[in-house]
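Structure record follows, encoded as structure tokens.
The values are calculated or read from the model by the stated rules, or taken from the named source; none is laboratory data. Computed from a predicted model, the values in this text were never measured in an experiment. Every residue, glycine as well, gets a Cβ built from its backbone with ideal geometry; the counts of neighbours run over all protein chains shown. When the accessible area is computed, the model is the full protein with side chains, heavy atoms only, and any ligands, DNA or RNA have been set aside. Shrake-Rupley method; radii C 1.70, N 1.55, O 1.52, S 1.80 Å.
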Amino acid sequence: MSRITRVEVHDFEYEVENLSGAGKYTHNHVAYEKGARLTLAKYAVVIETDDGARGEYVAMWGATRPALAQTLMLAPDLLGRDPDMREAIYDDFKRRLHHFDHMGHGPVDIALWDLTGKRLGASVSQLLGGYRTRLPAYASTFHGDRKGGLDSPRAYADFARHCYDLGYRAFKLHGWFDGDPVAEAAAIREVGHTVGDRMTLMYDGACDLKTFADALHVGRACDDAGYFWYEDPYRDTGLSAHAHKKLREMLRTPLLIGEHIRGLEPKADFLLAGGTDFVRVDPEYDMGITGAIKTARLAEALGLDVEIHAVGPAHRHVMGAIRNSNFYEVALVGPDCPNIVPPVYACGYTDQIDCIDAAGTVGVPTGPGLGVTYDWDFIAAHTTRKHVFEDVR
């Protein structure tokens, strides 16, 4: 039996161009602004064992400051443990974070899966039970702006057409931060009128609409335009199964809820209460690959589809191992600005807008573990603080 002897957490910062936001410690409220430079903070986890094995993961959308604090809580508890006992670690860490939102658990679990895959010479999707190697992708937009980017319904429609020309066959729009239902409905209908005959369309309210009535108004626009799903409509923040059950009863467009409900049991309760049609999961948000696969199997048992939130190699491996999922989310994209995920790969892996092939798909990495090589020179050059936990026995 091997045991974990060292855990490192690298806190780093980097810049992106033509985007502005609320601050470097959050990815919320980020939108296009020509000439702007936005500094963002993420973190990386490294787990080492006494037999020389090493697991790595750089967290993406889940790398918030609260998540970092939770990861630092968990890291010392890994020391001395068998890294292959992921299920036992999952169970213990779920209990350890029961007073919190569990966000710091995901990157640790993902790094453990990477470690095991590298030791066995198998990819994570192979360990999970491979189902496919190419994933249909959709372009998932930044929020709208009033600064020359996605600043009108026409701009959204033009960008959707651009994404179609790149090879995407599915497109999701996030509207404006002010949650104006009239403006949101206009954008939904304009995109539907422009590309609805050749693209699968989704809408994500991102919990910006203010009332149930607003959500109903926008949902009817989704109905009119034939949208594939309607996601996180309004400011209950995606938590009320009762409210979304009522919304489902009044609309034709299927709902996708669950991004803000953490872990298997709450998602099961929400689903069984009738609060959603599609099930949302994220290996960073939902206690790792271990937690995400549990949720995917829950949905499968009920004959439903599970949709993976956001991007990253862990996300591709989870989707590559399951049948009941439709699209990989290339998030976030917009005209004249990059995806805000950090450029931490030294192997050609990318989640920028041009990551798809001619068929509109992305590949599941095939190498051992997560199948990516991280650019540790870049991470080291941008690290602001490095936390190290060692077993000194």
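Residue-wise test of (1) β-branched (Val, Ile, Thr); (2) touching a residue at least 60 places away in the same chain (Cβ under 8 Å); (3) assigned to a strand (DSSP E or B); (4) open to solvent by less than 20 Å² (accessible area, probe 1.4 Å).
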site	(1), (2), (3), (4)
Leu115	no, yes, no, yes
Leu127	no, no, no, no
Arg132	no, yes, no, no
Arg154	no, no, no, no
Phe171	no, no, yes, yes
Asp178	no, no, no, no
Ala206	no, yes, no, no
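For the condition farther than 27 Å from Phe142 by Cβ, open to solvent by less than 10 Å² (accessible area, probe 1.4 Å), touching a strand residue (DSSP E or B) at 6+ places or on another chain (Cβ under 7 Å) and of a type in the set (Gly, Ala, Ser), what is the one hit in Ala296, Ala292?
Ala296
From the set of residues in segment 228-263 that are in a loop (DSSP other than H, G, I, E, B) and among the β-branched types (Val, Ile, Thr), which is most open to solvent (accessible area, probe 1.4 Å)?
Among them, the one singled out is Thr237.
With the requirement that a residue be hydroxyl-bearing (Ser, Thr, Tyr) and open to solvent by 10 Å² or more (accessible area, probe 1.4 Å), what does segment 50-66 give you?
Residue satisfying the conditions is Thr64 alone.
Scan segment 375-393 residue by residue and report those that are surrounded by fewer than 20 Cβ atoms within 10 Å (Cβ to Cβ) and closer than 19 Å to Thr71 by Cβ. I'd like the intermediate steps shown before the answer.
To start, the set of residues in segment 375-393 that are surrounded by fewer than 20 Cβ atoms within 10 Å (Cβ to Cβ) comprises 375-378, 380-393.
Trp376, Ala380, His382, Thr383, Thr384, Arg385, Lys386, His387, Val388, Phe389, Glu390, Asp391, listed by residue number.
Looking for whichever is surrounded by fewer than 17 Cβ atoms within 10 Å (Cβ to Cβ), under 28 Å from Leu115 (Cβ atoms) and without any contact (Cβ under 8 Å) to a residue 40 or more places away in the chain here; the options are Gly274, Gly348, Gly303. Which one fits?
Numbers: Gly274 fails: under 28 Å from Leu115 (Cβ atoms); Gly303 fails: under 28 Å from Leu115 (Cβ atoms).
Just one listed residue meets the conditions, Gly348.
What's the number of the condition Ala381 fails, among (1) of a type in the set (A, V, I, L, M); (2) assigned to a loop (DSSP other than H, G, I, E, B); (3) without any contact (Cβ under 8 Å) to a residue 24 or more places away in the chain?
(2)
Confirm whether Val306 is at pLDDT 95 or above and closer than 30 Å to Lys34 by Cβ.
No.
From Arg161, Arg119, grab the single residue that is in a helix (DSSP H, G or I), open to solvent by 10 Å² or more (accessible area, probe 1.4 Å) and in contact (Cβ under 8 Å) with a residue 60 or more places away in the chain. Steps first, answer last, please.
Working: Arg161 fails: in contact (Cβ under 8 Å) with a residue 60 or more places away in the chain.
Result of the check over Arg161, Arg119: Arg119.
Among Asp286, Asp354, which is outside any strand (DSSP E or B), surrounded by fewer than 24 Cβ atoms within 10 Å (Cβ to Cβ) and touching a residue at least 12 places away in the same chain (Cβ under 8 Å)?
Working: Asp286 fails: surrounded by fewer than 24 Cβ atoms within 10 Å (Cβ to Cβ).
The match here is Asp354.
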